[in-house]
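Structure first, then comments.
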Amino acid sequence: MAMLIAVASLVASNLLTRDLYQEEHKKMEIWAEAMHTLSTNDDNSGMNLVLKVIESNTTIPIVVMDKRGDIQVFRNIEIQAATADDSLRQIAKLGKEMKQAGRSIRINFDGGSGSDYIDVCYNDSLMLKRLAVYPYVQLGVVLLFVVIAIFALLTSKRAEQNKVWVGLSKETAHQLGTPISSLMAWTEMLSEAYPHDELIPEMNKDVKRLQLIADRFSKIGSLPEPVPVSLNEVMSHVADYMSRRVSNKIQIVKVFPPDDIIVPLNASLFEWVVENLCKNAVDAMEGEGKITLFSGVEDGLVVVEVADTGKGIKKKDVKNVFRPGFTTKQRGWGLGLSLAKRIVEEYHHGRIYVKSTEAGRGTTFRIELKT
């Protein structure tokens with residue numbers, strides 16, 4: 001609707017500008033005829049009317065030149081010159097430009113032989129110039145309105161998505177809370193009844209894992225305060241966890257600096273990000289390959305990379321991998337990488353992106369954090 005209004009306004013203004021141009025041209029013809037009458041009339045009959053017509057022009061710039069190019073009369077022209085000679089030269093130049101542009105009316109005084117004449121040169125009035133520019137200014141305002149409307153719409157959509165994320169995460173944490181508490185109580189009772197059973201400690205680990213997952217979900221939507229932690233320790237914890245849950249055909253390689261890196265993190269959420277990247281790498285390798293976990297400092301930034309030797313990502317899909325709902329898996333929901341991006345960028349004020357990918361060679365995801 002805004003664009004339709006702008007186009008209609010542009011058409012209407014152009015029509016009005018054309019009509020005003022024709023009206024001004026007619027006025028100039030009348031003004032030129034008045035000049036002719038003033039120059040040829042020997043008595044005072046009608047002289048007051050002629051003078052009134054000539055004096056009525058207060059908007060259209062006019063330069064009257066004789067056949068030699070000398071200035072006879074000029075009106076409604078602003079002069080910016082230091083001396084009178086400079087002013088005359090400036091006016092003469094302006095008059096020639098008007099004449100070359102076809103904006104002149106010739107008045108002959110010798111019956112049309114062309115030996116004695118003057119040229120009435122004129123230009124568009126200030127009002128006409130403003131009216132010609134106005135539609136484009138109006139169109140610019142409408143375009144600005146459209147841009148603001150689109151920005152507001154996208155912001156509203158993003159805010160709605162955030163509310164969905166937060167609501168879903170907190171509800172998930174709430175729903176997990178009760179069964180996890182029951183499981184903790186049951187494992188405690190089993191430990192007392194069967195103190196030497198080797199399976200109960202493993203059950204305890206899984207229950208603690210569920211408790212960690214619920215804790216992570218509960219932190220989505222809030223802004224947990226990052227605290228200084230050892231990046232090597234966080235990455236090693238992820239590597240150890242993944243090593244116990246992947247096949248023996250998948251090798252996990254740790255490339256960490258000898259000196260520990262201390263960086264402000266929410267360790268639980270950041271581990272979740274790296275775990276998601278590792279799980280995607282496992283799926284991409286289809287049960288066999290190598291995952292390389294790298295951490296270090298480059299150009300004043302803390303860098304974390306997760307590289308795999310999987311099937312890679314198609315070039316056309318690289319820009320969509322972090323979009324909610326996008327997935328190449330048959331059973332995937334397309335939320336893991338979107339959540340990882342949210343955790344890195346909104347909670348840790350960092351950056352996550354696909355550093356490189358090649359079909360049949362693998363993919364490298366890179367995370368950059370401020371020190």
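The values are calculated or read from the model by the stated rules, or taken from the named source; none is laboratory data. Every value quoted in this text rests on a predicted model; they were computed, and no experiment measured them. Please note: Cβ atoms are built from the backbone with ideal geometry, for glycine as well, and neighbour counts cover all protein chains shown. Just the protein is used for accessible areas: all its heavy atoms, side chains included, with ligands, DNA and RNA removed. Shrake-Rupley method; radii C 1.70, N 1.55, O 1.52, S 1.80 Å.
Table for the structure above
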item	result
Any hit, the range 285-300, residues being surrounded by 15 or more Cβ atoms within 10 Å (Cβ to Cβ) and not in a strand (DSSP E or B)	yes
Subset of the range 305-324 (residues that are part of a loop (DSSP other than H, G, I, E, B), under 16 Å from Ser338 (Cα atoms) and open to solvent by 50 Å² or more (accessible area, probe 1.4 Å))	Arg323, Pro324
Matching residues in the range 234-248 - criterion: being out of contact with any Gly (no Cβ under 6 Å at 6 or more places or on another chain), touching a residue at least 12 places away in the same chain (Cβ under 8 Å) and either assigned to a strand (DSSP E or B) or open to solvent by 50 Å² or more (accessible area, probe 1.4 Å) (or both)	His237
So Leu176, is it buried (at least 16 other Cβ atoms within 10 Å of the Cβ) and either free of Cβ contacts under 8 Å to residues at least 12 places away in the same chain or under 30 Å from Asn204 (Cβ atoms) (or both)	yes
Residue count, the range 74-88 (criterion: open to solvent by 50 Å² or more (accessible area, probe 1.4 Å) and either small (Gly, Ala, Ser) or in contact with a strand residue (DSSP E or B) (Cβ under 8 Å, 6 or more places away or on another chain) (or both))	6
Subset of the range 197-222 that is touching a residue at least 12 places away in the same chain (Cβ under 8 Å) and under 26 Å from Asp260 (Cβ atoms) - its residue that is surrounded by the fewest Cβ atoms within 10 Å (Cβ to Cβ)	Leu212
Tally, over the range 189-229, of residues that are of a type outside the set (A, V, I, L, M), outside any loop (DSSP other than H, G, I, E, B) and touching a helix residue (DSSP H, G or I) at 6+ places or on another chain (Cβ under 9 Å)	13
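A quick yes/no check of all residues on (1) under 30 Å from Val141 (Cβ atoms); (2) β-branched (Val, Ile, Thr); (3) open to solvent by 60 Å² or more (accessible area, probe 1.4 Å); (4) at pLDDT 75 or above:
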| position | (1), (2), (3), (4) |
| --- | --- |
| Ala6 | yes, no, no, no |
| Val11 | yes, yes, yes, yes |
| Trp31 | no, no, no, no |
| Gly69 | no, no, no, yes |
| Gln90 | no, no, yes, yes |
| Ser113 | no, no, yes, no |
| Asp119 | no, no, no, yes |
